[in-house]
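One structure is given below, encoded as structure tokens.
The values are calculated or read from the model by the stated rules, or taken from the named source; none is laboratory data. What you are looking at is a predicted structure, and each value in this text was computed from that prediction instead of being measured. Heads up, the Cβs are rebuilt from the backbone with ideal geometry, glycines too, and the neighbour counts pull from every protein chain shown. In case anyone asks, the SASA skips ligands and DNA or RNA and just uses the protein heavy atoms, side chains included. Shrake-Rupley method; radii C 1.70, N 1.55, O 1.52, S 1.80 Å.
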Amino acid sequence: MNNVIEIKMGGLEIIDDETKELKTFVGSCVAICLFDLVSKVAGMAHIMLPKKSDGTKFTGKNDIGKYADEALSYMVNDMIQKGADPKRIKAKMAGGATIFAHESETSIFNVGSRNIAFLKQILKENNIPLVSEDTGENFGRWVRFNLHSGKMTVTSNLKKFEKTI
Amino acid sequence: MSTSNDLQKLNSVLDSFIVQKTIPSLRSILEEPITHHLRNTQEIPLINLDLIISNLEEMNIMSAVYIKCVGDIHMGVLLYLPEEESKTLAAKLLGKPISSELAGIATSSISEIGNILTASLINAISIDMGYKICSSVPGYAVEFFRTLLEAVVSDFGNEFDTLVVSNVELHGVNSGIGIHILLIQDPSEVKKLVI
């Protein structure tokens with residue numbers, strides 16, 4: 001039985017089985033994990049953009065993790081339905097790199113930093129503490145979250161490192 | 001969803017632009033004959049994008065240039081080749097061997113190739129169809145293809161849950177240098193090019 005659930009681009013998964021792990025790959029996107037280690041409920045979203053520019057709500061297809069505002073709202077509600085206590089929900093995140101660099105000081109390819117800034121803002125607005133992060137820089141990351149331990153493991157194939165946050 | 005007929009037509013239209021302008025540009029830069037192959041144009045759900053990553057691309061570090069085109073046509077252009085081949089390309093452009101990591105003027109030369117090839121394509125589209133298109137400054141990266149693809153798709157910022165992706169390969173016959181180009185568009189853009 002495969003205990004690792006891989007989350008695709010713009011995807012989102014909620015688990016309440018602590019034998020399972022959540023996994024995704026992010027470059028300039030951000031892997032945000034919300035968890036309640038007492039109730040053993042966690043969610044991970046692969047955030048691509050801060051919010052939808054036309055203001056319409058997501059259509060409930062495969063990309064519910066795509067926009068930060070919609071993904072967090074969906075995750076919190078679904079986690080509460082699965083038994084999480086909103087007061088105990090904490091967050092970890094990784095990614096948000098600036099992969100493409102330009103020689104001038106003003107890079108237009110800064111979606112990663114915009115994703116990070118927006119996520120921190122809405123976590124604060126929702127009183128969800130961000131307990132650890134591995135963000136920024138200029139490389140892609142494999143991200144795994146273990147619900148049993150609450151640990152997030154971040155791996156870079158390019159930089160050849162693995163760290164636990 | 002785009003129809004398969006629309007995607008086939010888009011494939012043909014892009015192929016004609018590449019033949020008209022992009023190949024002559026690269027032939028002029030490399031001073032050698034160029035072969036090309038527009039592998040396919042397909043509409044892919046975002047969640048399935050990793051299916052286009054080949055095993056070879058998964059294992060090799062790539063040098064890449066990303067340019068975003070805006071205006072009447074919205075298109076993302078990702079040019080990439082294995083890092084070792086990009087050293088050969090930079091050496092050919094600069095007229096001296098690149099022994100260590102790509103940096104400085106060597107990376108600029110790769111970015112400039114991306115700039116020229118993208119400009120040749122959008123120039124062909126503009127001349128043929130009358131569209132006004134502006135291209136961004138080129139962004140340069142060295143990473144695995146998975147990271148490049150993820151960053152480009154994220155930056156492209158489409159609001160659909162699918163993308164139209166065209167996959168082009170250009171090869172220098174003498175040098176063996178192979179440049180891959182991914183052209184990324186919103187599904188809503190397809191009709192603009194297949195009138």
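Quick notes
- Scanning segment A:1-20 for residues that are within 14 Å of chain B (Cβ to nearest Cβ) and within 13 Å of A:A42 (Cβ to Cβ) returns A:I5, A:I7, A:L12, A:E13.
- Odd one out for B:L89, checked against (1) among the hydrophobic types (A, V, I, L, M, F, W, C); (2) closer than 24 Å to B:G139 by Cβ; (3) open to solvent by 10 Å² or more (accessible area, probe 1.4 Å); (4) modelled with pLDDT of 85 or more: (3)
- The set of residues from segment B:125-143 being closer than 17 Å to B:L182 by Cα and away from chain A (no Cβ under 11 Å) comprises B:I125, B:S135.
- Unmet criterion (only one of (1) closer than 19 Å to B:I179 by Cβ; (2) surrounded by fewer than 19 Cβ atoms within 10 Å (Cβ to Cβ); (3) aliphatic (A, V, I, L, M); (4) at pLDDT below 90) for B:L102: (2)
- Only a single criterion out of (1) surrounded by fewer than 17 Cβ atoms within 10 Å (Cβ to Cβ); (2) at negative phi; (3) not β-branched (V, I, T) is not satisfied by B:G95, namely (2).
- Test result for B:S175, out of contact with any Pro (no Cβ under 6 Å at 6 or more places or on another chain) and under 21 Å from B:E85 (Cβ atoms): yes
- Selection within segment B:36-63 - assigned to a strand (DSSP E or B), among the polar types (S, T, N, Q) and more than 13 Å from every other protein chain (Cβ to nearest Cβ): B:N40, B:T41, B:Q42
Yes/no per residue for (1) assigned to a helix (DSSP H, G or I); (2) crowded, with 23+ Cβ neighbours inside 10 Å; (3) more than 16 Å from the chain's Cα centre (by Cα):
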position: B:Y131; (1), (2), (3): no, no, yes
position: B:V137; (1), (2), (3): no, no, no
position: B:A141; (1), (2), (3): no, yes, no
position: B:R146; (1), (2), (3): yes, no, no
position: B:L149; (1), (2), (3): yes, yes, no
position: B:V152; (1), (2), (3): yes, yes, no
position: B:D155; (1), (2), (3): yes, yes, no
position: B:E159; (1), (2), (3): no, no, yes
position: B:E169; (1), (2), (3): no, no, no
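- Any pair with Cβ under 6 angstrom, 6 or more apart, that starts in segment B:66-86 at a residue that is in contact (Cβ under 8 Å) with a residue 60 or more places away in the chain and ends at one that is of a type in the set (A, V, I, L, M) and assigned to a helix (DSSP H, G or I): B:Y66/B:V152; B:C69/B:I122; B:G76/B:V152; B:L78/B:V152
- Top-ranked residue in segment B:64-78 [being assigned to a strand (DSSP E or B) and open to solvent by 10 Å² or more (accessible area, probe 1.4 Å); ranked as farthest from B:K192 (Cα to Cα)]: B:K68
- Selection status of A:V111, facing chain B (nearest Cβ under 9 Å), more than 18 Å from A:D36 (Cβ to Cβ), touching a residue at least 24 places away in the same chain (Cβ under 8 Å) and not aromatic (F, W, Y): yes
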